[in-house]
Each structure stands twice: as structure tokens, then as C-alpha cells.
Amino acid sequence: MKTLKDLYKVGSGPSSSHTIGPSTAAQKFRIAYPEANSFKAILYDSLSKTGRGHRTDYAIEKACEPFPVEIIFDTETDVADLPHPNTLDFIGYKDGVELDRWRILSVGGGTIRILGMEEAELPDIYDLNSYNDIADYCRKKEIRIWQYVEEIEGPSIWDYLSDVWFMMKRAINEGLIATGTLPGGLELKRKANLLYNQRHIDESAETKQTRIVSSYAYAVMEYSADNGIVVTAPTCGSCGIVPALMRYFQETRGFSDEKILHALATGGIIGNLIKTNASISGAECGCQAEVGSACCMGAASLAELFEMNLEEIECAAEIAMEHHLGLSCDPIMGLVQIPCIERNAVAAVRAIQCVNLSSFLADTRKISFDAVIHTMYETGQDMPNRYKETSEGGLAKISSFCS
């Protein structure tokens, strides 16, 4: 597995695969060919079908400034003929003469692969690639998962995660104060401010918890939908879940920033396992790979905050993924708004339930986290393409907003 720095990335929303990945690709090409003075980007499948809604064209144009870039949305090429649903060809020219062309895969969470340049990818630094192996290692050494992270990554990982935590809190703050409607054409009203400030009549402690946690998840996702700077946890489309949980329980239980960073490290390992052994790409495996993965990370992070044992952490993450299996990625109008924003809030609340159940049921479970990761990937491969970030099925198809 790669460093957690490749999982938790800071970048502009609304989509890690559609904005951060293509933007990074354009920037890398420009560094390799500084003499290039015009460009062409050909977007395929999911990048093409939801690219305008995800503002992929805008992200590429910004990365190519001040030079012109021609963007082609290829909706005809069959996904079966592509190495990944999020494939793009990037071509650079010098005075109209082609310099080079790269085929780039945006594989989720802002990570890209350039075909033929695999040696340039970040190296694997974790030798253990399953939860079972990591847990066995931690038991033998009598350490927690966050200590395993420090052992592999070094103490500098805490400075990096401190910056991550700062940006997560900043996104919540920015999202909470914003009002009005989100851009994109849906005229969707922002709800974070309303949720945070409008107390429910006869509000119980449980209702308040749901309201506040949800308001934080809404805040981050609405900020991301407006091209705000967020942290991929593990993607922009699922970036509201982990911050919402960490912020709420720090405020209500008084957990230190150090404890929060340990929790982020533990949740990061869970996300890394999914990214390595399955996928965090909605275009590849549906929303189970995005919101489902983020719910797993949130549950594991929260379990670490409460110093639950390795079996309980695993059980919480497993429950989280098990009950997202088959979740489609069906964004209306290709925007990361409906159902994405609300889905983050629901998953954040669900992560709390997963931790609660785990505290009772961990020693009775029958399904391992490794097994449910494998199942999620198989489910994603079996899922029809129209349910994988193409805006051709599900809510995207039946909604009255669609033409």
C-alpha cells in the first residue's frame, strides 16, 4: 500500500476523479513539456458523460492557463474498450505540432496513472495489504493501528495529518456559514446552516446528534460542490463523513487533536486497504466505493477514538461496508449534489450506529473486513455501467430535473 498522503489529498471539489485527477494530469504534462503552447483533452465514459456537471472541463482549462485547450467529450467509445471508466487522452502541441500524448486513468481519490509511465508512480511503503495481516502484526507487537502507521511512515505523518485535520475543520466552517443556492443548474438550496441552527421542536439528545453530525457533513459537501478546497476522505464525493464525525465527537467528548490524528491514521489504513484491494472510484464500482468506503473509514476512526480493540475496529468497518453493498452512483445532471450531499450525512450517522453495534457484536461476527472489500469490488464489477457515475440510471434517469 502507498502512503496515507496519497489517500488524504487536499484539492478543489466537487470531484477528486473528475477535477483533481485531470487537473493533476494537465499540470504534470506541462512540467514535462514546458514548450507546449496548446493542448487537447479527450474525455471518455464517466469523465465524458458527467464531466460538465463535475466541472472537469473547467479544471483542465484552469490547469492549462494561459494556453488554449480543446476538450472533447467522447460519449461513443465503449467502456469495455477502455482500461478504466475514467480515461482521458491528453495531447500537447508546440505551434500546432504534436509533442506527445498521454493516456491517463483517474482511478479515484485524485490519484492518476499514466500508461507507460508506471515507474513514476509512488512506491508502496506498506508491505501488509490485508486487515488480517495488519491486525496480526499489531497483536504480536502489542501496538495500535496508528502506531503501525507511525512505524511505517515516520513521525512526519503527524504533521501531514495535522494539516489534513485543519483543512477538514476549515471546510466545515466555510460550509456552515454559506447560504443561498449551489451552482450547476439544480438550484439546490444549501442546508448546512439551516440544520446547524434550527433546533428541532422537543429535540432529544439523539435527534440533536443526528442534526449536528448531518450539518457538518452537509457543510463539507456543499463547500466541495461550490469548488471549495476539501480533503479526499477518500474522495471528494464522500469527503463529508470523516470530518463530520471527528468534529462532532471532539466537541462533545473533548478528544484532543492528537487523538483525532490517531483516528485519522486508523481510518486511513481502512481506506487504503479498500483502495488497494478494490476501488474508491464511483465510475468503477458505484457509490459503494465512495460513500461506502468513507463510512468504513469514519466507523474505524470513531472506534479508534473510543480505543476499541482490533476486532471491534474491524467489525465496525465491516458493518459499514456490508450495508452499502450495491449502492449505485447516480448523480442528477452529473452534479455532485443529489443524492451525494445527503448521502454523506446519512452515512455519517450510520457510522455511529456501526460502532455501537460493533461494541456488542464484534466477537460474534462471521464476515471479515477483507472479505467484504472483495465482495464490494465484485459487486461493482457486476453492476451495469449506467449505475456507475454516468448519470444514465437510477435517480439521474427518473428525476424531473433531467431533460
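The values are calculated or read from the model by the stated rules, or taken from the named source; none is laboratory data. Computed from a predicted model, the values in this text were never measured in an experiment. Don't worry about glycine lacking a Cβ; one is built from the backbone with ideal geometry, like all the others, and counts go over all protein chains shown. Accessible surface areas use protein heavy atoms only, side chains included; no ligands, DNA or RNA. Shrake-Rupley method; radii C 1.70, N 1.55, O 1.52, S 1.80 Å.
Structure notes:
- Residue pairs whose Cβ atoms lie under 6 Å apart, separated by 6 or more positions or on different chains, with the first residue in segment 283-301 and farther than 16 Å from Phe249 by Cβ and the second surrounded by fewer than 24 Cβ atoms within 10 Å (Cβ to Cβ) and among the aliphatic types (A, V, I, L, M), are Gly286/Met383; Gln288/Leu325.
- Residue within segment 46-65 that is without any contact (Cβ under 8 Å) to a residue 40 or more places away in the chain, in contact with a strand residue (DSSP E or B) (Cβ under 9 Å, 6 or more places away or on another chain) and among the acidic types (Asp, Glu) present: yes
- Scanning segment 319-335 for residues that are touching a strand residue (DSSP E or B) at 6+ places or on another chain (Cβ under 8 Å) and surrounded by fewer than 24 Cβ atoms within 10 Å (Cβ to Cβ) turns up just one, Ser328.
- Scoring Ile60 on the criteria (1) assigned to a helix (DSSP H, G or I); (2) hydrophobic (A, V, I, L, M, F, W, C); (3) surrounded by fewer than 18 Cβ atoms within 10 Å (Cβ to Cβ) leaves a single failure, condition (3).
- Test: residue in segment 45-67 that is over 29 Å from Gly286 (Cβ atoms), modelled with pLDDT of 95 or more and touching a Phe, Trp or Tyr at 6+ places or on another chain (Cβ under 8 Å): yes
- Flag if Ile71 is more than 30 Å from Ile270 (Cα to Cα), open to solvent by less than 40 Å² (accessible area, probe 1.4 Å) and of a type in the set (A, V, I, L, M): yes
- Considering segment 167-261, the qualifying helices (runs of 4 or more DSSP H), each wholly inside and each with 1 or more residues that are within 23 Å of Cys296 (Cβ to Cβ) and more than 16 Å from the chain's Cα centre (by Cα), run over 205-225, 241-253.
- From the options Thr232, Thr276, Thr266, residue that is hydroxyl-bearing (Ser, Thr, Tyr), open to solvent by 10 Å² or more (accessible area, probe 1.4 Å) and closer than 15 Å to Leu7 by Cα: Thr276
- Test: residue in segment 340-350 that is buried (at least 24 other Cβ atoms within 10 Å of the Cβ), at pLDDT 95 or above, at negative phi and β-branched (Val, Ile, Thr): yes
- Segment 306-328, subset part of a helix (DSSP H, G or I) and of a type in the set (Gly, Ala, Ser), residue farthest from the chain's Cα centre (by Cα): Ala316
- Taking the criterion of being under 13 Å from Thr390 (Cβ atoms) and touching a strand residue (DSSP E or B) at 6+ places or on another chain (Cβ under 6 Å), the residues of segment 78-93 that qualify are Leu82, Asn86.
- Matching option when the condition is surrounded by fewer than 20 Cβ atoms within 10 Å (Cβ to Cβ) and at pLDDT 95 or above, among Tyr131, Tyr137: Tyr137
- Ile125 being open to solvent by 20 Å² or more (accessible area, probe 1.4 Å), touching a residue at least 12 places away in the same chain (Cβ under 8 Å) and assigned to a loop (DSSP other than H, G, I, E, B): yes
- Members of segment 20-57 that are among the β-branched types (Val, Ile, Thr), open to solvent by 10 Å² or more (accessible area, probe 1.4 Å) and in contact with a Gly (Cβ under 8 Å, 6 or more places away or on another chain): Ile20, Thr24
- Just one of the listed residues (Ala294, Ala303, Ala299, Ala283) is part of a helix (DSSP H, G or I) and touching a Cys at 6+ places or on another chain (Cβ under 6 Å), namely Ala299.
- Selection of segment 329-381 for residues being part of a loop (DSSP other than H, G, I, E, B) and in contact (Cβ under 8 Å) with a residue 24 or more places away in the chain yields Asp330, Pro331, Leu335, Val336, Gln337, Ile338, Pro339, Arg365, Ile367, Ser368.
- Verdict on Gly267 being out of contact with any Leu (no Cβ under 6 Å at 6 or more places or on another chain), assigned to a helix (DSSP H, G or I), touching a residue at least 24 places away in the same chain (Cβ under 8 Å) and under 24 Å from Ser12 (Cβ atoms): yes
- Positions within segment 196-211 being open to solvent by less than 50 Å² (accessible area, probe 1.4 Å) and in contact with a Lys or Arg (Cβ under 9 Å, 6 or more places away or on another chain), in sequence order: Glu203, Arg211
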